[in-house]
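This report concerns only the one structure given below.
Read-outs throughout are calculated quantities, based only on the coordinates presented, and are distinct from any laboratory measurement. The model shown is predicted, which means the values in this text are computed figures rather than measured ones. Every residue, glycine as well, gets a Cβ built from its backbone with ideal geometry; the counts of neighbours run over all protein chains shown.
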Amino acid sequence: MIVEMVNFLVLMVCVLVGVAFVTLLERKILGYIQIRKGPNKVGYMGILQPFSDAVKLFTKEQMMPTMSNFLVYYLCPVFSLFISLLVWCVMPYETGLMSFNLSILFFLCCLSVGVYSTMVAGWSSNCKYSLLGSLRAVAQTISYEVSLALILLSFVMLVGGFSLELFNKYQNYFWFVLIGFPLSMVWFSSCLAETNRTPFDFAEGESELVSGFNTEYGGGGFALIFMAEYSSILFMSVLFVIFFLGGSPFSAVFYLKGVMVAFMFVWVRGTLPRLRYDKLMYLAWKSYLPLSINYLIFFVSLKMFCFCLF
């Protein structure tokens, strides 16, 4: 038990350091997309900039709105970060971590619970803009979770289990992205919606909602929400690699693929404008849902055909 806890703490530290450098990667890439340098003053080529930002945010004065529900308002960012770190338990490491047979179900549960932190953060601030941002985020997340669950169910049918380790075994010689390329693109764009990234960042629609559900948060609270978002981006990137590109978490190529997917998250932000809200819902229910259901039926039929054949 103690060994598992130590391994989990080491993983959390590594994830948080990874989150710090993903923020630096994003700022650098966006800088070069916009023909500017990005952070390059703190440390060698700006490599210490994330730590400088963290010190600045956590040492700022905590402002508490007098009309807010204080305890809930204070705990929501902590809960949000906790959920986004807890979901890393499902990673198929064989070093005493909690890698279990129902890891996909656990991932879906964490994904669903994450909605509550966003919703309650917007409500507890007692601010109209925050409440509107949280309602948008909840509607958006619930809409895209349906497609995510159906896509996962398709691959669960294909590999015959809920463990992520099965994906490594099945993709030693053949990547799933080759037989489900449209599905991989739907998964990627649903991940963008799930993590509130451009072009689906309605929860933080600055032009309409000041700053969305985190309008009233500043300093440490904002930093925790920020870290939770980037931890989710990193996790979704690694999960994309496990589901579609194969590879063991013990190989360097696996992490190189993960960085490439994280780069795509940033690339989309630097390229695409924000969609209209009704277009987002249309995309979720009229395009992605039928495609996911069709692939699910196809994979079930394929599995039954192979079962009957052999």
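Across region 244-251, in residue order, what do the Karplus-derived ³J(HN,Hα) couplings come to in whole Hz, using 6.51 cos²θ - 1.76 cosθ + 1.60 with θ = phi - 60° and x for Gly and Pro?
Values, residue by residue: 10, 10, x, x, 8, x, 9, 10 Hz.
Just check region 4-120 against the gyration tensor rule for me: Cα atoms, a ≥ b ≥ c as the square roots of the eigenvalues, rounded for a/c under 1.5, and otherwise prolate or oblate depending on whether a/b exceeds b/c.
Oblate is the answer for region 4-120, as a/c is 1.5 or above yet b/c matches or exceeds a/b.
Would you list VAL261, VAL113 from fewest to most Cβ contacts within 10 Å?
VAL113, VAL261
What are the DSSP H helices in the chain that stretch 20 Å or more along their long axis, judged by alpha-carbon atoms, and whose average Kyte-Doolittle hydropathy comes to at least 1.6?
Long hydrophobic helices here: 2-33, 70-86, 103-124, 220-240, 289-309.
Report the residue, chosen from ARG269, ARG197, ARG36, that carries the largest GNM mean-square fluctuation when the chain is represented by alpha-carbon nodes joined by springs under 10 Å.
Looking only at ARG269, ARG197, ARG36, the biggest GNM fluctuation is shown by ARG36.
What FRET efficiency do you get for VAL10 and SER251 if R0 is 25 Å and r is their Cβ-Cβ distance, rounded to the nearest 0.05?
Plugging the Cβ-Cβ distance into 1/(1 + (r/R0)^6) gives 0.85.
As a footprinting exposure proxy, order THR23, THR66, THR118 by other Cβ within 10 Å, with the fewest listed first.
Least crowded to most crowded, the residues run THR66, THR23, THR118.
Set the Förster distance to 45 Å, then compute FRET efficiency between LYS60 and PHE310 from the Cβ-Cβ distance, nearest 0.05.
It comes out at approximately 0.10.
Could I have the simple spin-label model distance between VAL78 and ASP278, label points 7 Å from Cα toward Cβ, reported in nm to one decimal?
4.3
May I ask you to list the chymotrypsin sites (Phe, Trp or Tyr not before Pro) in region 159-189 that are in a DSSP loop and have at most 11 other Cβ atoms within 10 Å of their Cβ?
Counting only loop positions with at most 11 other Cβ atoms within 10 Å, the chymotrypsin sites (Phe, Trp or Tyr not before Pro) in region 159-189 are TYR173, PHE174.
Rounded to the nearest 500, what is the 222 nm mean residue ellipticity of the chain from helices alone, with -39500 (n - 2.57) per DSSP H run of 4+ residues and division by all residues?
Estimated from H runs of four or more residues: -22000 deg cm²/dmol.
Which of THR198, THR59 comes first, and how do the rest follow, when ranked by fewest Cβ neighbours within 10 Å?
With the sparsest Cβ surroundings first, the list reads THR59, THR198.
Extending each Cα 7 Å along its Cβ direction at LYS41 and PHE298, get the distance between those two points in nm, one decimal.
Reported label-point gap for LYS41 and PHE298 is 5.2 nm.
Considering lysine pairs in the chain that are 8 or more places apart or on different chains, how many have Cα atoms under 30 Å apart?
Lysine pairs meeting the criterion: 18.
Tell me, what is the FRET efficiency for ASN172 and LEU71 to the nearest 0.05, using R0 = 35 angstrom and their Cβ-Cβ distance as r?
Calculated value: 0.10.
Which label belongs to the value computed from this structure, given these candidates for semi-axes √(5λ) of the Cα gyration tensor in Å: (1) 32, 23, 20; (2) 26, 24, 22; (3) 29, 25, 17?
(1)
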